[in-house]
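Enquirer: Let me begin by handing over the structure; questions about it come next.
The values are calculated or read from the model by the stated rules, or taken from the named source; none is laboratory data. What you see is a predicted model; the values in this text were computed from it and never measured. FYI the Cβ positions are ideal-geometry reconstructions off the backbone, even for glycines, and counts take in every protein chain you see. Remember, those area values only see protein heavy atoms, side chains included, never the ligands or the DNA or RNA. Shrake-Rupley method; radii C 1.70, N 1.55, O 1.52, S 1.80 Å.
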Amino acid sequence: MKDEISKLNDGFRNESAENILGYFISRHASVGNVFGTDDRIALASSLGAEDQVLTDMIMRIRPGMRIFVLDTGRLPEETYELMTETMARYGMRYEVYYPDARDVEELVSRHGPDLFYESVALRKLCCTVRKVRPLCRALAGLDAWITGLRRDQSVTRNSIEKAAWDDEHVSIKVNPLADWTEEMVWDYIRKNNVPYNKLHDSGYPSIGCKPCTRAIKPGEDLRAGRWWWETPEQKECGLHVIDGKIVRKNG
């Protein structure tokens, strides 16, 4: 499989994000099912700027394709507003995955609602319950999943390829925007009038759970506002796998 992925990346080197999406959608989307329920491919959207770009592209290529969101229960209100705006804009519906209620009850009962501030271990436990386990449910049965990861988002992502084999979920992970810059993302959003999270206008380049996200200061790294109380090498929610391993550095 790694040889096949390597060949794909060689072929994708100069391809546009739209062409890469079209390639995988044509192979893994269900023919004739406009609602995408039988698709073997889906976009994992956090409703960040990159995922909004991909949503716009996908809706142009195959309206109705599966797009899912992990609702941790701690998202900012602005993120829910964007969900509503995006669904209205494209006439689509998200698949929404919540953490298991019993897992959350046990987590909060044992460690309190804001356990993530106490230690890296507890923060990762919270991410596991609220993000990683729901992601596993969302990816069950998929041959491929699409993300908005970019190489220049952080030092831990600078080797990301446009296609990778995800051992953890036994599927192909597609990163069509791997070589895009932040400027390219926002140029696309402005040119195509793509809905975006209004927190971006208030200094939030990266948006996750409300208590774990803050605005960044001038000159700070784009993801400095995520888990800002931790050192960069400790930051990761566990959603992404690189070279067959879960990367726990900058989720």
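Enquirer: Can you tell me which residue in the range 169-190 is surrounded by the fewest Cβ atoms within 10 Å (Cβ to Cβ), limited to those that are under 25 Å from LEU135 (Cα atoms) and of a type in the set (S, T, N, Q)?
Expert: Going through the qualifying residues, I end up with SER171.
Yes/no per residue for (1) without any contact (Cβ under 8 Å) to a residue 12 or more places away in the chain; (2) open to solvent by less than 20 Å² (accessible area, probe 1.4 Å); (3) at positive phi; (4) touching a helix residue (DSSP H, G or I) at 6+ places or on another chain (Cβ under 6 Å):
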{"site": "ARG74", "(1), (2), (3), (4)": "no, no, no, yes"}
{"site": "GLU81", "(1), (2), (3), (4)": "no, no, no, no"}
{"site": "GLU85", "(1), (2), (3), (4)": "no, no, no, no"}
{"site": "TYR94", "(1), (2), (3), (4)": "no, no, no, no"}
{"site": "TYR98", "(1), (2), (3), (4)": "no, no, no, no"}
{"site": "ASP103", "(1), (2), (3), (4)": "no, no, no, yes"}
{"site": "TYR117", "(1), (2), (3), (4)": "no, no, no, no"}
{"site": "ARG137", "(1), (2), (3), (4)": "no, no, no, no"}
{"site": "GLY141", "(1), (2), (3), (4)": "no, no, yes, no"}
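Enquirer: While we're on this one: Residue by residue through the range 53-72, note down the ones that are in a helix (DSSP H, G or I) and surrounded by fewer than 21 Cβ atoms within 10 Å (Cβ to Cβ).
Expert: First, the residues of the range 53-72 that are in a helix (DSSP H, G or I): 53-61.
Once the filter is applied, which keeps residues that are in a helix (DSSP H, G or I) and surrounded by fewer than 21 Cβ atoms within 10 Å (Cβ to Cβ), the range 53-72 yields ASP56, MET59, ARG60, ILE61.
Enquirer: I'd like the residue in the range 199-216 that is of a type in the set (Val, Ile, Thr) and assigned to a loop (DSSP other than H, G, I, E, B) and, out of all such residues, is most open to solvent (accessible area, probe 1.4 Å).
Expert: If we filter the range 199-216 for residues that are of a type in the set (Val, Ile, Thr), which is where we start, we get 207, 213, 216.
With assigned to a loop (DSSP other than H, G, I, E, B) added as a condition, the list becomes 207, 216.
Working: ILE207: 26, ILE216: 43 Å².
Here the residue is ILE216.
Enquirer: Return the residues of the range 152-180 that are at pLDDT below 95 and within 28 Å of GLU81 (Cα to Cα); say none if nothing qualifies.
Expert: Across the range 152-180, the qualifying residues are ASP152, GLN153, SER154.
Enquirer: Looking at the structure I just gave you, is ASN193 open to solvent by 70 Å² or more (accessible area, probe 1.4 Å) and at pLDDT below 75? It would help to see each step written out before you state the result.
Expert: Values: open to solvent by 70 Å² or more (accessible area, probe 1.4 Å): yes; at pLDDT below 75: no.
The answer is no for ASN193.
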